[in-house]
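**Student:** Please see the structure below; I have some questions.
Each reported figure results from applying straightforward, stated rules to the coordinates on display, with no laboratory input. Everything quoted here is computed from the prediction, not taken from an experiment. Cβ placement follows ideal geometry from the backbone for every residue including glycine, while neighbour counts extend to all protein chains displayed.
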Amino acid sequence: MAKAPRDPRIDLNNATSEELEAIEGIDGERARLIIEHRSERGAFRSWEDVLSVPGIDSVLLGKLQGGSSLGAATGSPPEGAGDAAGEGAETAPGSAKTKRSEGGGEIGDMTALEQIVGLILLDMAAAEAYRVAIAACTTPEIKRQLEAFRGDHERHARELSDALGASLPDRPDERGQCIRRYTELSAREERSALVAMRGNEELTNDAYASALGSDLPDDVRRMVEANWQDERRHIRWINEEIRTHGWELPEVPAAMAEAA
């Protein structure tokens, strides 16, 4: 019988520090922590185990799943560390599942995991964009409403991160930075601030609708659906406010469309 082809990705259970540093997002310190973790607790047996390494959050986990594998769990966890290392066999990265910290549900496949991570980053970016937009507004009612929407996005990011059992990323990704820059350039007064936030809300609405087409556990699906209803409420209010004031909607700049 022919041998199965060797997985060309870097094996987290056997990689050297230099090999680990070749993975996007892994620097020397994180490589050291990965090696230290597997030495103390044994081989990684699931991607959930990898999340227990200090400095590995849900965003970096997605990069690891794309550029590495768990290979064969060649070592046994030291006595008393079975719970920390996990009991199940590795799930292939192509259908990776990340268990929630509460409730026992699991994120379905790799596509679903990437979409949830994407929602977290988009909600963080939207919250920052709302800060910029609020500063450009002067009408108390508009400012109060935008503050409430900003709070929704911050709550969504926290809840989804909890669902992954991971901490929030330290900073927005490249798209999030682009969203903030676009808002800073566009939001000069209330009209342009609401127009900018309408474009940002379109991004998050589309992302939530797309995530609902993925393989999600029931409790996570309910969370995503509830968040999506918030996003739809945001964009309805913004559209109505723009319509009421007769504010014309300019086209979204090409740079923003490409970043999305």
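**Student:** Would you list Met124, Met223, Met197 from fewest to most Cβ contacts within 10 Å? Before the final figure, lay out each step's value.
**Tutor:** Numbers: Met124 23, Met223 20, Met197 27.
Ordered from fewest to most neighbouring Cβ atoms within 10 Å, Met124, Met223, Met197 come out as Met223, Met124, Met197.
**Student:** Identify the residues of segment 139-156 with backbone N under 15 Å of a label point that sits 7 angstrom from the Cα of His245 along the Cα-to-Cβ direction, or state none.
**Tutor:** In segment 139-156, the label zone of His245 (backbone N under 15 Å from the point 7 Å along Cα→Cβ) covers 139-147.
**Student:** Taking only the alpha-carbon atoms of segment 144-222, what semi-axes of the equivalent ellipsoid follow from 5 times the gyration tensor eigenvalues under a square root, in whole Å, largest first?
**Tutor:** Numbers: eigenvalues 133, 41, 33 Å².
With the √(5λ) rule applied to segment 144-222, the semi-axes are 26, 14, 13 Å.
**Student:** What is the sum of charges, Lys and Arg at +1 and Asp and Glu at -1, for the other residues whose Cβ falls under 12 Å from the Cβ of Trp228?
**Tutor:** Details: positive: Arg221, Arg222, Arg232, Arg233; negative: Asp123, Asp152, Glu201, Asp206, Glu225, Asp230, Glu231.
Result for the neighbourhood of Trp228: -3.
**Student:** Sort 126-139, 143-156 by the packing proxy (mean of other Cβ within 10 Å over each peptide's residues), most packed first.
**Tutor:** Working: 126-139: 19.9, 143-156: 18.3.
Ranked by mean Cβ neighbours within 10 Å, highest first: 126-139, 143-156.
**Student:** Still on this structure: Less than 15 Å from a label point 7 Å out along the Cα-to-Cβ axis of Arg236: which backbone N atoms in segment 208-226 qualify, by residue?
**Tutor:** Counting only backbone N, you get 226.
**Student:** Same structure, new question: To the nearest 0.05, what FRET efficiency results for Arg32 and Asp206 with a Förster distance of 41 Å applied to their C-beta separation?
**Tutor:** Numbers: r = 40 Å, r/R0 = 0.97.
Once rounded, the FRET efficiency stands at 0.55.
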